[in-house]
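Chemist: Got a structure for you, written out below as structure tokens; questions coming shortly.
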Amino acid sequence: MKNSIQQIQQEMTPWILLLQKYYQGHLCNLDTATWEEIIQALQAEPTATMAPMAEALEALAATNDSQKQEMKYDFNSLFIGPDVLKAPPYESCYLNPERTLMQAETLRVRAKYHEAGLEIAQKNVEPDDFMGFELEFLLYLLSSESEAHHNLIPQFMQEHLLVWYKPHLEAIRNNTQHPICLSMARILEGIMEYFTTMINHV
């Protein structure tokens, strides 16, 4: 990549970490004070002026207490269930014709983790191609001091995250109007656009 890994790490890590925690469900029950701390910290980031991030932060800052409390219902409807998931956070659901879990796409992601010497702790419980895991893997590669790991970043992005994030975003936007869920989708879009630009300038 044209930009150094260190620069990319500095610019994108806070946003990727936020999304990784979001997809893991860790933001569903935060109180207002904690939300304010998160928003203020992100507003201080140099990349907070990027259009997707600025728009998302503005929307997040405008959410009221009721919306924060209700977010978990839209989150569950989109990503957890118990009904049919409206925006499944799994790569295979968008790339496999049958839109089912634990398919060839999942195994290809698992192979990429193995290439970096990693294995999912919840193997065969939560699919390897879960968005939260793929974002966590990206964080791992960015934080690594291994050049081999750094070289995996554009390959992993082009073969996985950049392939399925757009239909995933479309599913989110078609199935919720909740400002927090839409803001997280905008941040995801911003991250993917950032990496697309970086890869295209290699």
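The values are calculated or read from the model by the stated rules, or taken from the named source; none is laboratory data. Note that the structure is predicted; figures quoted are calculated from it, not measured. Cβ atoms come from the backbone with ideal geometry, glycine included; neighbour counts cover every protein chain shown. SASA here: full protein model, heavy atoms, side chains in, ligands and nucleic acids out. Shrake-Rupley method; radii C 1.70, N 1.55, O 1.52, S 1.80 Å.
Chemist: Pick out the one residue from 155, 177 that is surrounded by fewer than 15 Cβ atoms within 10 Å (Cβ to Cβ) and closer than 30 Å to residue 36 by Cβ.
Modeler: Details: 155 fails: closer than 30 Å to residue 36 by Cβ.
Result of the check over 155, 177: 177.
Chemist: Pull out all pairs, ordered by first then second residue, where Cβ-Cβ is under 8 Å, the residues are six or more apart or on different chains, the first lies in segment 161-178 and is of a type in the set (Gly, Ala, Ser), and the second is in a helix (DSSP H, G or I).
Modeler: 171/78
Chemist: Still on this structure, please answer the following. What residue, among those in segment 183-199 that are among the aliphatic types (A, V, I, L, M) and over 15 Å from residue 56 (Cα atoms), is surrounded by the most Cβ atoms within 10 Å (Cβ to Cβ)?
Modeler: 198
Chemist: Let me ask something else. Take the conditions at negative phi, open to solvent by 40 Å² or more (accessible area, probe 1.4 Å) and either in contact with a helix residue (DSSP H, G or I) (Cβ under 8 Å, 6 or more places away or on another chain) or among the β-branched types (Val, Ile, Thr) (or both) and apply them to residue 11. Does it pass?
Modeler: Working: at negative phi: yes; open to solvent by 40 Å² or more (accessible area, probe 1.4 Å): yes; either in contact with a helix residue (DSSP H, G or I) (Cβ under 8 Å, 6 or more places away or on another chain) or among the β-branched types (Val, Ile, Thr) (or both): yes.
Yes; evaluated as a whole, the condition is true for this residue.
Chemist: Being touching a residue at least 12 places away in the same chain (Cβ under 8 Å), open to solvent by 50 Å² or more (accessible area, probe 1.4 Å) and in a helix (DSSP H, G or I): is that true of residue 42 here? I'd like the intermediate steps shown before the answer.
Modeler: Numbers: touching a residue at least 12 places away in the same chain (Cβ under 8 Å): yes; open to solvent by 50 Å² or more (accessible area, probe 1.4 Å): no; in a helix (DSSP H, G or I): yes.
The answer is no for residue 42.
Chemist: Let me ask something else. Would you confirm whether or not segment 61-70 contains a residue that is farther than 21 Å from residue 141 by Cβ, open to solvent by 20 Å² or more (accessible area, probe 1.4 Å), within 20 Å of the chain's Cα centre (by Cα) and of a type outside the set (A, V, I, L, M)?
Modeler: No, segment 61-70 has no match at all.
Chemist: Next question, about the same structure. Can you find, within segment 72-95, the residue that is nearest to residue 180 (Cα to Cα) among those that are without any contact (Cβ under 8 Å) to a residue 40 or more places away in the chain and open to solvent by 60 Å² or more (accessible area, probe 1.4 Å)?
Modeler: The selected residue is 73.
Chemist: How many of the residues making up segment 48-60 are touching a residue at least 12 places away in the same chain (Cβ under 8 Å) and surrounded by fewer than 18 Cβ atoms within 10 Å (Cβ to Cβ)? If you could, list the steps in order and put the result at the bottom.
Modeler: Within segment 48-60, the subset touching a residue at least 12 places away in the same chain (Cβ under 8 Å) is 50-53, 55-57, 59-60.
In the following step, the residues that additionally are surrounded by fewer than 18 Cβ atoms within 10 Å (Cβ to Cβ) were identified as 51, 55, 59.
The total comes to 3.
Chemist: Residues that are over 14 Å from the mean Cα position of the chain (by Cα) and polar (S, T, N, Q): list the helices (runs of 4 or more DSSP H) wholly contained in segment 108-202 that include at least 2 such residues. So that I can check it myself, show each step before the final result.
Modeler: On the way: elements: 131-143, 147-156, 162-175, 179-200.
The qualifying helices (runs of 4 or more DSSP H) are 147-156, 162-175, 179-200.
Chemist: Mind checking which residues of segment 96-107 are open to solvent by 30 Å² or more (accessible area, probe 1.4 Å) and assigned to a helix (DSSP H, G or I)? Explain how you work it out, then say what you get.
Modeler: First, pick out the residues of segment 96-107 that are open to solvent by 30 Å² or more (accessible area, probe 1.4 Å): 97-104, 107.
Answer for segment 96-107, where residues must be open to solvent by 30 Å² or more (accessible area, probe 1.4 Å) and assigned to a helix (DSSP H, G or I): 104, 107.
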